[in-house]
1. When you check Asp139 against the structure, is it more than 10 Å from the ligand (Cβ to nearest atom), at pLDDT below 95 and surrounded by fewer than 18 Cβ atoms within 10 Å (Cβ to Cβ), yes or no?
2. Identify the residue in segment 140-175 that is of a type outside the set (Lys, Arg) and in contact with an Asp or Glu (Cβ under 8 Å, 6 or more places away or on another chain) and, among all such residues, is nearest to Thr76 (Cα to Cα).
3. Looking only at segment 12-53, which residues are under 16 Å from the mean Cα position of the chain (by Cα), within 17 Å of Cys225 (Cα to Cα) and assigned to a loop (DSSP other than H, G, I, E, B)?
4. When you check Tyr22 against the structure, is it free of Cβ contacts under 8 Å to residues at least 40 places away in the same chain and of a type in the set (Ser, Thr, Tyr), yes or no?
5. Taking the options Pro171, Pro181, Pro202, name whichever one is under 30 Å from Ser253 (Cβ atoms), more than 9 Å from the ligand (Cβ to nearest atom) and open to solvent by less than 20 Å² (accessible area, probe 1.4 Å).
6. May I ask you to verify whether Phe214 is modelled with pLDDT of 95 or more, closer than 30 Å to Ile10 by Cα and within 9 Å of the ligand (Cβ to nearest atom)?
7. Check Asn6, Asn65 and return the single one that is open to solvent by 20 Å² or more (accessible area, probe 1.4 Å), modelled with pLDDT under 95 and over 16 Å from the mean Cα position of the chain (by Cα).
8. Which number in (1) open to solvent by less than 10 Å² (accessible area, probe 1.4 Å); (2) without any contact (Cβ under 8 Å) to a residue 60 or more places away in the chain; (3) more than 14 Å from the ligand (Cβ to nearest atom) marks the one condition that Lys244 misses?
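The values are calculated or read from the model by the stated rules, or taken from the named source; none is laboratory data. These figures come from a predicted structure and were not determined experimentally. Here the Cβ positions follow ideal geometry from the backbone for every residue, glycine too, while neighbour counts run over all protein chains shown. When the accessible area is computed, the model is the full protein with side chains, heavy atoms only, and any ligands, DNA or RNA have been set aside. Shrake-Rupley method; radii C 1.70, N 1.55, O 1.52, S 1.80 Å.
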Amino acid sequence: MSIQSNMQRILITGGLGQVGSYLVDALHEKAKVTVLDNYSSTTREAVPQDVHVIKGDIKDEIAANLVKQSDVVIHTAAQISVTASMENPLFDAQNNIFGTLNLLEAARNSAISKFVYISSAAVYGNTLYTPITESHPQDPLSPYGASKLTGEKYCMMYNKAFGLPSCCIRPFNIYSPRQDPHNPYSGVISRFIEKAKAKQSPVIFGDGAQTRDFISVHDIVDMICLLIENENANGHVFNAGTGKSTTVTELASMILNTFDVDVPIQYMPERPGDIKYSCSDISSAKKILGFEPKVSLENGLMEFAKCK
Ligand code: UD1
């Protein structure tokens, strides 16, 4: 038997998206990687040649067939816009709930060794305390948060009822150079960097004292790789953050320094519904997975500067 045929078969749903595309890069030389993506928000032009890309939807039969032919499923595909979920909760649920269920149902009677589900810190809703542990109350403020939480619940239920080796992560604020700054739903880092490159003032909503736990996509990929290897992770949900919080004003200053731009910061009224403080407790991921975030925010921001 050749080495090639011994390789794990990994299916990455949403493999052209932000998290999915970095997973592809990290895994394609070690495993036989297949990407299922509906091309709704691609972040890259070309994928490595040894990766099989299939255009299709997680709700369709093709997705179920691909799951059955895989050893590992990493489910990153989702309707990711909070605003879109507010406008069309049914569309959000069809993708994030029924799409996920379609994959889980296919996985139920298959021989897969791991099903990893990418949830979101949006499941927590308003922060009652920081750092936020996985047991913090989960009271989503949007259909998106509710659908992500439902997806998690199904993953954990399939573990308990059917013995599916599934686990979930709840990423905090992920950043990477592949996040499109022109997308209105793009995160604060991409927006500030776009401004810095144009030598324009970053715009802070509110007083800038609000905090976020910004995590590099590379650390998210690391955590997912640890999950794939670790049987003790099955049946667990893990916060995916750095455990460090940064104020939005600190972030703006760091970005201006990184890009060596000297412009004043502009302040605008607070964004309605904005969460004030957010920071993850990652003790569980440290203990069970041996996870340790490696990319400091300074180095993560440098990566953007090197890109262009
Ligand atoms: C994220 C989601 C948001 C969702 C929330 C709930 C993204 C991009 N945003 O918001 O839709 O409601 O989780 O979990 O996924 N900010 C500025 N200037 C800017 C952009 C943002 O000051 O140009 C501030 C925001 O007001 C906020 C902070 O930066 O206080 C972070 O914003 P963002 O990157 O949108 O993330 P979340 O607020 O965590």
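1. Working: more than 10 Å from the ligand (Cβ to nearest atom): yes; at pLDDT below 95: no; surrounded by fewer than 18 Cβ atoms within 10 Å (Cβ to Cβ): yes.
Answer is no for this residue.
2. Selected residue: Cys168.
3. Selection gives Gly14, Gly15.
4. Values: free of Cβ contacts under 8 Å to residues at least 40 places away in the same chain: no; of a type in the set (Ser, Thr, Tyr): yes.
No, not satisfied.
5. Values: Pro181 fails: open to solvent by less than 20 Å² (accessible area, probe 1.4 Å); Pro202 fails: more than 9 Å from the ligand (Cβ to nearest atom).
Exactly one residue qualifies, and that residue is Pro171.
6. Values: modelled with pLDDT of 95 or more: yes; closer than 30 Å to Ile10 by Cα: yes; within 9 Å of the ligand (Cβ to nearest atom): yes.
In short, yes.
7. Values: Asn65 fails: modelled with pLDDT under 95.
Result of the check over Asn6, Asn65: Asn6.
8. Lys244 satisfies all of (1) open to solvent by less than 10 Å² (accessible area, probe 1.4 Å); (2) without any contact (Cβ under 8 Å) to a residue 60 or more places away in the chain; (3) more than 14 Å from the ligand (Cβ to nearest atom) except (1).
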